[in-house]
Amino acid sequence: MSKIDNSVKHDYELRRLQFNNGATDQIQHATGCATPYSKQEAPVKNVKREETQDKGTPGTSQDVLDELDTSDSNDNLETNVKQEEVPNPKVVFDNCTSNSSKSIFIIKRPGKRSVRQNQLEPDINDPNFHCRSCKDTFKDRNRYRKHLKRLHKMKLKSLHSPKDPNVLPDYHDPNLYCKSCDRTYKSRLSYRVHCRNVHNLKAPERPAGVPDVNDPNNYCKICNHSYKSKYGYTTHCLMMHNVKPTEIQSTKSFANPEATPDINNADNYCSMCDRTFCRRASFRNHLFNTHRIVPPPPKISAVEPDVNNPNNYCRSCDKTLSTNHEYRRHLSAVHSIGRAPHTEDHIDPDVDDPNHYCRVCQHTYSSKPVYQRHLQGVHRLVIPIQKRPSELPDPYDTNFYCRVCKSSKKSLSKYREHCIRVHRMVLNRFTISDPTATIDINDPEFNCAQCQHRYSCKRSFVLHLQTVHALNASL
């Protein structure tokens, strides 16, 4: 018996490789594993057979394969079995699935960054402050650690390890000195944050009671502490003791409370406050707003003022104005004198004139607010308030564009002033940009949804909620 010729062996080997490659491709397609397979040290079940036959037996390769398929029933053939390690599809599949946990897969989610599965945990001690999970590099260590805390929710230990862990600091230390870490802090807030985060100290419970908000010495009897200013003491009562803002009285201290200010003082000096003002108007405003002293009306003589006086001097009031514009305003407000005499046909100006032209005075004004002030001051016209929302501008327009006047303003403050003065709109506080939003008083990032502003610490956030939004929030 001799071996089968080379062509027969080649045909058989080709069929065997096609079978194994087909099984391997199906496994790779199902598992996504493209790692080359190695020979397994498992019990061999698939073997390669080497057939022998007589030298004188002719035949093609197909005949030989047919003979091989029925080799057990052919007595003229002798089969020699040679064992060779061939990968079993089942073993290869188990090996591929077991190695899949060691392989690196790129997980791509819509709208998110590509994150490597074996690199989800950033290196806290990276010297370059590089987050290998997000592939971002930060400027300093503080920003890198803040990123790890906020985005990856990692709990990091403090960088300042206590030198003496058996000693705890005093939470109310007046010098802001931590005897455990041998370190002094600049502010009380940073010192207490250190006590909470590093030493796990909590603020001791305050005794029950409510302090006197209007204490003249700014002394809190509950905390046994005096404050330097009235503002600091009031802020402390609002945040620490939940005192309502309505309980705070605006008490003003005067240098000479028994003195009476002289409204006709030539030096604009207030004897009660011991304060001198630069302008007469500021002095008069101070007397009215602070001391409720109303100045007497100016003495107006029977002599009519000269409208075209070059020195801006009103001979009726015996008063000289600084500019011609102020002089014109004075004549309009006090003496009801306009730029030109009214006509006798009693024609009223057109309030909605698109060119801001007063047909009575025959003058064109620069803007609608100036034109309306002229109509109110000179012609004594009552401008109706627009009630339909479609006729009012959007006070929260991002481009500061007034859809009624079809004009844009340079800033938000100018735009809001335009809405109030021209369109007689009643707006909320300047900081509230979205009044329909819901505020979360326990927001961990101290973000005010209505004002769209994020505060640096909880203290400022709570104070903002109490003073601006009148919410019952506490530390």
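The values are calculated or read from the model by the stated rules, or taken from the named source; none is laboratory data. In this text the structure is predicted, and so the values were computed from the model without any measurement. Cβ placement follows ideal geometry from the backbone for every residue including glycine, while neighbour counts extend to all protein chains displayed.
Summary table
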read-out: Residue selected from the range 164-181 under the condition surrounded by 12 or more Cβ atoms within 10 Å (Cβ to Cβ) and farther than 19 Å from HIS225 by Cβ, by the criterion farthest from the chain's Cα centre (by Cα); value: VAL167
read-out: Tally of residues being part of a loop (DSSP other than H, G, I, E, B) and touching a helix residue (DSSP H, G or I) at 6+ places or on another chain (Cβ under 8 Å) across the range 394-415; value: 6
read-out: Residue among ASP306, ASP267 that is modelled with pLDDT of 80 or more, among the acidic types (Asp, Glu) and surrounded by 13 or more Cβ atoms within 10 Å (Cβ to Cβ); value: ASP306
read-out: Every residue from the range 213-241 that is in a loop (DSSP other than H, G, I, E, B) and surrounded by 14 or more Cβ atoms within 10 Å (Cβ to Cβ); value: VAL213, ASN214, ASP215, ASN218, ILE222, CYS223, TYR227, HIS241
read-out: The range 122-148 residues that are at positive phi and among the aliphatic types (A, V, I, L, M), paired with ones that are surrounded by 15 or more Cβ atoms within 10 Å (Cβ to Cβ) and modelled with pLDDT under 85 (beta carbon under 9 Å, 6 or more apart); value: none
read-out: Some residue of the range 447-454 being assigned to a loop (DSSP other than H, G, I, E, B), of a type in the set (S, T, N, Q) and either modelled with pLDDT of 80 or more or within 21 Å of ASP394 (Cβ to Cβ) (or both); value: yes
read-out: Subset of the range 372-407 that is of a type in the set (Gly, Ala, Ser) and closer than 29 Å to SER332 by Cβ - its residue that is modelled with the lowest pLDDT; value: GLY377
read-out: Residue satisfying all of: in the range 333-371; among the acidic types (Asp, Glu) and within 18 Å of SER407 (Cα to Cα); modelled with the highest pLDDT among these; value: ASP353
read-out: Criterion violated by PRO435 - all others in (1) over 15 Å from ALA470 (Cα atoms); (2) assigned to a loop (DSSP other than H, G, I, E, B) satisfied; value: (1)
read-out: Residues of the range 267-283 that turn out to be closer than 23 Å to SER322 by Cα and either in contact (Cβ under 8 Å) with a residue 12 or more places away in the chain or in a strand (DSSP E or B) (or both), as a count; value: 6
